[in-house]
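Here is the structure we will look at, set down as structure tokens.
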């Protein structure tokens, strides 16, 4: 009996140790080519993108490198939200050793309609424990926390990455370059894109997200940080959807009230009706991001 108790106690202690390690130490475990830690290690930057998978798929980093002598990085997470962006900004400023001349935030109309939730385990991996607590509080204030979510958030989320780190990290490192995809994705074709189903009819503004946009701008003003918001153009079907346009207008209104600079999809000479430029409604093909980034750089240069 005593041996069983010792065995169970040892197992429990081991589990607790791993969980503590995950929550406290993961942001300091080297991750190459993506995430906050990798961006911080770059030192001084001309441009730092902060957004969702839209930035990760729609920015051609090779073109950005050439235009800005390699002083560019992209921090992107799947389904990233405005609330999370605000917390990630704090992390970057707290942990950063270099300066960033211009921070580029995502003007994603549907980002202000998302529930405050955990959408990508990489967010949990990259945040310090203080950041994890801050995001948890935001989720709690939005009524999106319960015991199962607490277990996922603090225990299971990112645990698989921790256990498999020695094997998977070298693989992941080849799939990204300074935070963007290296995969040369191709379009599935016009027939697929013109018939791909999506339904955003039930989208509603989430006040916590709009407040986070304002909070993010106020933080930049406080820190003297130059910033701009960019709307990367989705495929024409999504772009012309009345719901998308409605929340696009709302997002722009928030920025205009604050006097924030922004580059809209229509400001860039790019054809978002060409199916060859997209792999789905919101993410560009390799061809699309090359063409888009080339024209985006011309607009960005006007602000620097």
Open item on the list: Tell me whether the stretch 79-90 contains one or more residues that are in contact with a strand residue (DSSP E or B) (Cβ under 7 Å, 6 or more places away or on another chain), surrounded by fewer than 19 Cβ atoms within 10 Å (Cβ to Cβ) and within 23 Å of residue 268 (Cα to Cα).
Closed with: no
- [ ] Give just the number: which of (1) in contact with a strand residue (DSSP E or B) (Cβ under 9 Å, 6 or more places away or on another chain); (2) assigned to a helix (DSSP H, G or I); (3) surrounded by fewer than 16 Cβ atoms within 10 Å (Cβ to Cβ) does residue 174 not satisfy?
- [x] (1)
Open item on the list: Condition first: under 13 Å from the mean Cα position of the chain (by Cα) and at pLDDT 95 or above. Can you find one or more residues in the stretch 117-133 that meet it?
Closed with: no
- [ ] Considering only residues that are within 22 Å of the chain's Cα centre (by Cα) and not in a helix (DSSP H, G or I), look in the stretch 200-218 and name the one that is nearest to residue 115 (Cα to Cα).
- [x] 206
Open item on the list: Of all residues being within 18 Å of the chain's Cα centre (by Cα) and farther than 30 Å from residue 142 by Cα in the stretch 65-78, which is surrounded by the most Cβ atoms within 10 Å (Cβ to Cβ)? Just the residue, please.
Closed with: 73
Open item on the list: Condition check: under 19 Å from the mean Cα position of the chain (by Cα), buried (at least 17 other Cβ atoms within 10 Å of the Cβ), under 28 Å from residue 260 (Cβ atoms) and modelled with pLDDT of 95 or more. Does residue 96 satisfy that?
Closed with: no
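The values are calculated or read from the model by the stated rules, or taken from the named source; none is laboratory data. Small disclaimer: the values here were computed from a predicted structure and weren't measured. When we count neighbours, we look across all protein chains shown, and the Cβ atoms used for this are built from the backbone with ideal geometry, even at glycine.
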